[in-house]
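Quick notes on the structure that follows.
The values are calculated or read from the model by the stated rules, or taken from the named source; none is laboratory data. On a predicted model such as this, the values are computed, not experimentally measured, just so you know. A quick note on method: Cβ atoms are made from the backbone with ideal geometry, for glycine too, and the neighbour counts reach across all protein chains shown.
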């Protein structure tokens, strides 16, 4: 199904990613319809229509499907049952498989290993006995994570020397978990790439990321890795996209570690089946943004070129950082993005700021 | 009145300019509310709220003013009475003066002359006797225009050798008119500039424009004029903005003519008290777009820098040109913008396409 201009994109989820997807849809003559349980949310302001309903409200989902031409999602915690239900009515891109896979940290790691990609060592934790054995095997420090519903550091806890493993297990709820061995990495990087309906893959340049308190703080490009490592990272993203028969933009987070011989090597950490925070710089810094690429892909349209406009620095405005909006506006090199969130809360992503340093500007 | 993030911008008019203003407002965390008589229109898709009502519906205007923090307009044919009414309730930027001035071609020309700027020779046509005398004085060809409600070549007619002057006068309605002497120009250029609430003025680089059938077809930068002429053009725009105590983005159209001594000189043709078609390239090709500049200005926020990213070519997609959307998407250097108009009509602006040629791309 290929959309015509004027068609409507249905978006599950109403956060800033949905907002920026809706803005990208507007640029190229498409409409958007947001479906989410929240009545007030960043994406609603940018969409032609909104449905405020629960993700299991089949009547609301049916009406939503009737009013749109294609469905996508802007966050990975949408229930797979919602996506499966909608898939019977309209194309959902990317589909239920990528969603299900990334909702379960164990399944995701197994999938990555199945593709021959390196991940952190991990163990399937079915109960406290399995946990004790896995801690003995993977050593300390290691990280215990719930299999489901984790993001921005939620649902995980470090097991250190002297940690009470059983207590940590109980605090996380005691359900099915994954234990991940500690990875000594030099840098965190990510590949943002898009796969079209016809199977073309276009990757943005490699992003180098810094997290603070498990939340992305800063992204810079070019990433400080060897050129062949950047090429290898893009190949990994392509392999994942092809294996999932994916349509849309994906974010693949990786660690750059050093092997004993000093060579850089890539360890895949996590897949986000959606546009990704480390790709926000593309609005200002690339020929086509990750958001427009995603909309083009799910519309069945050709992908754009993603030439980078210069050296990039993107930083997130978390919580009270956004109070600096006026100073940011007054700085000549910065591009300010605010998500329209009316309430500032600690840890909340309120906006981001991009600096693009072009050759001309560097020469000054 | 300075807006806070999350505030709402009221926009009179619902065309593509309103749409692109609303998109720019979204980027920097503001909401927009469109007021227009049309139920289906490009700007509605991008706005959080719309009021569909006549421009003289005082109850609807009052409710609109109550729901917004500042008012602006996206086209110059909004009745001045509407703007005057709203001005009593909320700040309107730019205000009624710029609107009234540009709605009357005679008043506009007199204003420009009053600033010491060169315009085409013109005469006030109150009746057919005045017209006959003016044609004798200004010669043929000359252009007879209604004083009000002209755009894209509407409301005007050329008086040539052998033309039946009285018939042309009747065809245009016989009301108050202006006769403009013919200007032999080499190029058409425009300055897009923005003035902040505090009086700062920032101008984009000079645009060189080509019209076809009185509609803008193409804009290119840099304009092929001497550097001092470009500087002079920006000074002219500043002079106009300051004289009007203007807040927001303006478009000033000028002709570049040759004096007898071969020097280039600027003749001011027309002012548009709004964002302008020849500034659409700024979305892709400048650090800050004309739309974001306008929103920043009317919000009382600092203006951005307008560094140009390379050589620019923008062309409008008029009528069936937009049928080429898929081919345009597939071309690597082009950025496509579609306005969401569901019906294609001859002469209708459906979208535009921008090419930004950077130093890197040129070197390939």
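Structure notes:
Per-residue answers, yes or no, for (1) within 24 Å of the chain's Cα centre (by Cα); (2) within 26 Å of residue A:350 (Cβ to Cβ); (3) not assigned by TED's automatic domain parsing to the domain that holds residue A:350:
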{"site": "A:29", "(1), (2), (3)": "no, no, yes"}
{"site": "A:39", "(1), (2), (3)": "yes, yes, yes"}
{"site": "A:48", "(1), (2), (3)": "no, yes, yes"}
{"site": "A:52", "(1), (2), (3)": "yes, yes, yes"}
{"site": "A:60", "(1), (2), (3)": "no, no, yes"}
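- Counting only residues that are buried (at least 20 other Cβ atoms within 10 Å of the Cβ) and out of contact with any helix residue (DSSP H, G or I) (no Cβ under 7 Å at 6 or more places or on another chain), the stretch A:330-343 holds 1 of them.
- Helices (runs of 4 or more DSSP H) enclosed by the stretch B:276-364 - at least 3 residues per element that are more than 8 Å from chain A (Cβ to nearest Cβ) and closer than 21 Å to residue B:25 by Cβ: B:282-285, B:290-299
Residue by residue, here is whether (1) more than 26 Å from residue B:215 (Cβ to Cβ); (2) within 18 Å of the chain's Cα centre (by Cα) holds:
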{"residue": "B:287", "(1), (2)": "yes, no"}
{"residue": "B:290", "(1), (2)": "no, yes"}
{"residue": "B:297", "(1), (2)": "yes, yes"}
{"residue": "B:302", "(1), (2)": "yes, no"}
{"residue": "B:312", "(1), (2)": "no, no"}
{"residue": "B:319", "(1), (2)": "no, no"}
{"residue": "B:331", "(1), (2)": "no, no"}
{"residue": "B:338", "(1), (2)": "no, no"}
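- Some residue of the stretch A:45-54 being at positive phi and either out of contact with any strand residue (DSSP E or B) (no Cβ under 7 Å at 6 or more places or on another chain) or buried (at least 24 other Cβ atoms within 10 Å of the Cβ) (or both): no
- Against the conditions (1) more than 8 Å from chain B (Cβ to nearest Cβ); (2) at positive phi, residue A:24 satisfies every one except (2).
- Flag if residue A:58 is surrounded by fewer than 22 Cβ atoms within 10 Å (Cβ to Cβ), more than 13 Å from chain B (Cβ to nearest Cβ) and modelled with pLDDT of 95 or more: yes
- Meets criteria (without any contact (Cβ under 8 Å) to a residue 24 or more places away in the chain, within 14 Å of chain B (Cβ to nearest Cβ), within 30 Å of residue B:322 (Cβ to Cβ) and in contact with a helix residue (DSSP H, G or I) (Cβ under 8 Å, 6 or more places away or on another chain)) for residue A:3: no
- Residue count for the stretch B:42-55 satisfying the condition of being more than 9 Å from chain A (Cβ to nearest Cβ), without any contact (Cβ under 8 Å) to a residue 40 or more places away in the chain and touching a helix residue (DSSP H, G or I) at 6+ places or on another chain (Cβ under 8 Å): 5.
- Checking each residue in the stretch A:103-114 for being more than 22 Å from residue A:182 (Cβ to Cβ) and surrounded by 15 or more Cβ atoms within 10 Å (Cβ to Cβ) picks out only A:103.
- Residues being closer than 20 Å to residue B:264 by Cα and assigned to a helix (DSSP H, G or I) - total across the stretch B:211-253: 13
- Residue list for the stretch B:274-290, restricted to those being within 23 Å of residue B:76 (Cα to Cα) and either surrounded by fewer than 24 Cβ atoms within 10 Å (Cβ to Cβ) or in contact with a strand residue (DSSP E or B) (Cβ under 6 Å, 6 or more places away or on another chain) (or both): B:275, B:276, B:277, B:278, B:279, B:280, B:281, B:283, B:290
- Selection from the stretch A:236-262 of residues that are touching a strand residue (DSSP E or B) at 6+ places or on another chain (Cβ under 9 Å) and surrounded by fewer than 13 Cβ atoms within 10 Å (Cβ to Cβ): A:245, A:258, A:259
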